[in-house]
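The values are calculated or read from the model by the stated rules, or taken from the named source; none is laboratory data. Please read these numbers as outputs of a predicted model, since none were measured by experiment. No Cβ is skipped: glycine too gets one built from the backbone with ideal geometry, and neighbour counts run over all protein chains shown. Just so you know, the surface numbers come from the protein's heavy atoms only, side chains and all, with ligands and any DNA or RNA stripped out. Shrake-Rupley method; radii C 1.70, N 1.55, O 1.52, S 1.80 Å.
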Amino acid sequence: MPAIASILDAAARWEPLSPRAALQLLLETDPAARRDIWAAADERKRALLGDAATYVVNLNLNFTNVCALRCAFCAFRRGAEARDAYAHSLEAIVAKVVRYRTEQAITEVTIQGGLNPALPVSYYFDLLRELKRACPEVHLHAYSPQEIDFIQQRSGWPLGRVLDALRAAGQGTLCGTAAEILVEPTRRSICPEKISSARWLEIVRAAHRAGTRSTATMLFGHIESPADRILHLQRLRALQRATGGLTEFIPLPFIAAKSPLGRAVGRREIADDDALHLVAVARLFFGRDLPHVQLGWVKRGLALAQRSLRCGADDIGGTLLEEEISNRAGSRFGSRVAAERLAAAIREVGLVPVQRATTYERITPAGSSASTQVSLLPPPCEEFTTSESRRSATRVKPPGSTKTSSP
């Protein structure tokens, strides 16, 4: 087995790390060796991106908490008859987004919800259309692969048609959530009702080929093994090499406080240093393939997010403004952080704060000099830009009316 120093030397030459080498790094527990790994990850990040660290001014929008699934790690989900179940009307959602655009200058709305059978399929499309009509300049980072599968199953449409119609309605990018852990049978143990790993990858790959980029996440620190984590990273790297469509990798530390799975594991959560170590290994494993890594503040706090910026991460996350899912699970760090505080947190660790768009173009805040539209992403690979023939999305209309009332 190669020495840790040999693996880090290879990473410094941009040589792709094998899964075996990445697992060796991940399994390292010696504090001095770990510090070397973190420093190597920080150096690779700087080689790619310099001294900048980014944040996004966004709103987290959960349109319903009613869900037909019962994932073991989720404390957000409610049954339809629960006293605190909700499904927001289009009018209420649009008013909220307009208010936050006016008051907070948000550039992104992240849109996700439970799988609520009471909502018509048209709701998903109408929501995008109405938001784009009211705030055309706001990027809609909308729906997970799980929700795409839900839409497809209920509409009866081919996957490509669903993706085209969502893009025509205003979807900018796809949320890379619902990935959890892309390893069976671990995935079956924590979310047996969710789509399979293969199906998740199929949907994201199809979205990329249709011209819709996405993020990618990993839920870790529950019952998965270190080998599971590396296999998850390996599958994401293979996807990225095939399509070039991933914008960032976001590892999500499991919050055990209030979920059924948390009770099953004795409310044990991963140590901060172990979370940082995963960030560093991910940075080295992805190399040039996926340049952006984020350990956001909402799961484990702003202090850990700051530390991650010295361990290979380059993004501190978003303002979120109304984050619910992590807070329902027992996060102790609130539902919002002001953009000014995110920028200050970046400066506090000696880096240069850069406000970014969803797809990593730099944004100059209002009142500053003209916006710099320089992408922080590498150019997509050839397959992403020359995908198989695309259907005309503008000809596709989702089923149902274009006006949906409150459920």
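Total residues in the stretch 274-291 satisfying the condition of being under 18 Å from Ala242 (Cβ atoms) and either in contact with a strand residue (DSSP E or B) (Cβ under 6 Å, 6 or more places away or on another chain) or part of a helix (DSSP H, G or I) (or both): the figure is 3. Within the stretch 57-79, identify whether any single residue is out of contact with any strand residue (DSSP E or B) (no Cβ under 9 Å at 6 or more places or on another chain) and more than 30 Å from Pro260 (Cα to Cα), and answer yes or no. The answer is no, given that none of the residues of the stretch 57-79 is out of contact with any strand residue (DSSP E or B) (no Cβ under 9 Å at 6 or more places or on another chain) and more than 30 Å from Pro260 (Cα to Cα).
For the criterion of being surrounded by fewer than 23 Cβ atoms within 10 Å (Cβ to Cβ), at pLDDT below 95, closer than 30 Å to Arg35 by Cβ and of a type in the set (Asp, Glu), Glu193 fails.
Between Ile255, Ile270, Ile181, which is surrounded by fewer than 22 Cβ atoms within 10 Å (Cβ to Cβ) and not in a helix (DSSP H, G or I)? Just a single option satisfies the conditions, and that option is Ile270.
With respect to the conditions (1) open to solvent by 10 Å² or more (accessible area, probe 1.4 Å); (2) touching a helix residue (DSSP H, G or I) at 6+ places or on another chain (Cβ under 9 Å), Gly262 falls short on a single one, namely (1).
Residue by residue, here is whether (1) of a type in the set (Asp, Glu); (2) farther than 26 Å from Arg310 by Cβ; (3) in a helix (DSSP H, G or I) holds:
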residue: Leu8; (1), (2), (3): no, no, yes
residue: Ala11; (1), (2), (3): no, no, yes
residue: Trp38; (1), (2), (3): no, no, yes
residue: Ala41; (1), (2), (3): no, no, yes
residue: Phe76; (1), (2), (3): no, yes, no
residue: Glu81; (1), (2), (3): yes, yes, no
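Residues in the stretch 41-51 that are open to solvent by less than 20 Å² (accessible area, probe 1.4 Å) and of a type in the set (Gly, Ala, Ser): Ala41 alone. Of all residue pairs spaced 6 or more apart or on separate chains, those with beta-carbon atoms under 7 Å, a first member in the stretch 312-323 that is under 15 Å from His139 (Cβ atoms) and a second member that is at pLDDT 95 or above and assigned to a loop (DSSP other than H, G, I, E, B) are Gly318/Val57; Thr319/Val57.
Within the stretch 1-27, the set of residues being under 18 Å from Ser225 (Cα atoms) and surrounded by 17 or more Cβ atoms within 10 Å (Cβ to Cβ) comprises Ala21, Ala22, Leu23, Gln24, Leu25, Leu26.
Scanning the stretch 130-163 for residues that are of a type in the set (Asp, Glu) and open to solvent by 10 Å² or more (accessible area, probe 1.4 Å) gives Glu130, Glu137, Asp149. Within the stretch 217-236, the set of residues being closer than 13 Å to Val281 by Cα and not hydrophobic (A, V, I, L, M, F, W, C) comprises Pro226, Arg229, His232, Gln234. Scanning the stretch 164-177 for residues that are of a type in the set (A, V, I, L, M) and open to solvent by less than 10 Å² (accessible area, probe 1.4 Å) yields Ala165, Leu166, Ala169, Leu174.
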